[in-house]
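Structure record follows, encoded as structure tokens.
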Amino acid sequence: MKETANAVLKTFQLNRPSDFENMIGVKLLLIGKNSEIVKSDFYKYKSYYNRYLRNKVHKIDITDEYDDLGRRKVLVQIYRGYDTVNNISEVQLELYFGPPQFVPLNKISSYKIVVKENKSPVILQAPEKF
């Protein structure tokens, strides 16, 4: 799974949306997508990769979390910080693998990107005098 996650990142680096699509081990309709949506997702994810992760060390976390379908979640940390220009605090690529009896673990069975925005600072005002 870690090798596959690295291979997904490599598709962004090499600008190969068809390779990204080929890494999906289920029929696209089963995950609510088609080739056009996958290609659009690819370019969106690639923009985050280029902005935050290019030429930097990335962290891949194979979690012990499984969704309702028995797919294991793998997190790729793309960014964590305080980007005030884009109002972003964190970007993670969630890859799902398996279940192994249906989808080989060298293929992803689903994916999504999670973008967390910076929390707005609380501005306290002094009470007005009457």
For Ile31, are the conditions met, namely being of a type in the set (A, V, I, L, M, F, W, C) and under 25 Å from Glu117 (Cα atoms)?
no
Within region 4-24, is even one residue in contact with a His (Cβ under 8 Å, 6 or more places away or on another chain), touching a residue at least 60 places away in the same chain (Cβ under 8 Å) and crowded, with 16+ Cβ neighbours inside 10 Å?
yes
In region 37-60, residues that are over 24 Å from Asn22 (Cβ atoms) and not in a helix (DSSP H, G or I) total 4
Assess whether Val8 counts as being part of a strand (DSSP E or B), touching a helix residue (DSSP H, G or I) at 6+ places or on another chain (Cβ under 7 Å), of a type in the set (A, V, I, L, M) and within 20 Å of Leu105 (Cβ to Cβ).
no
Give me a count of the residues in region 46-75 that are surrounded by 13 or more Cβ atoms within 10 Å (Cβ to Cβ) and on the phi > 0 side of the Ramachandran plot.
1
What number of residues within region 25-42 are surrounded by 12 or more Cβ atoms within 10 Å (Cβ to Cβ) and hydroxyl-bearing (Ser, Thr, Tyr)?
1
Given (1) under 23 Å from Gln101 (Cβ atoms); (2) outside any loop (DSSP other than H, G, I, E, B); (3) in contact (Cβ under 8 Å) with a residue 24 or more places away in the chain; (4) of a type outside the set (Asp, Glu), index of the condition Thr63 fails:
(3)
So which residues in region 60-90 are of a type in the set (Val, Ile, Thr) and closer than 21 Å to Lys2 by Cβ?
Ile60, Ile62, Thr63, Val74, Val76, Ile78
Listed by first then second residue, the pairs whose first member lies in region 77-106 and is at pLDDT below 95, whose partner is acidic (Asp, Glu), with beta carbons under 7 Å and at least 6 positions apart or on separate chains, are Tyr79/Glu90; Arg80/Glu90; Asn87/Glu117; Ile88/Glu117; Ser89/Glu117
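The values are calculated or read from the model by the stated rules, or taken from the named source; none is laboratory data. None of the values given here were measured: they were computed from a predicted structure. Heads up, the Cβs are rebuilt from the backbone with ideal geometry, glycines too, and the neighbour counts pull from every protein chain shown.
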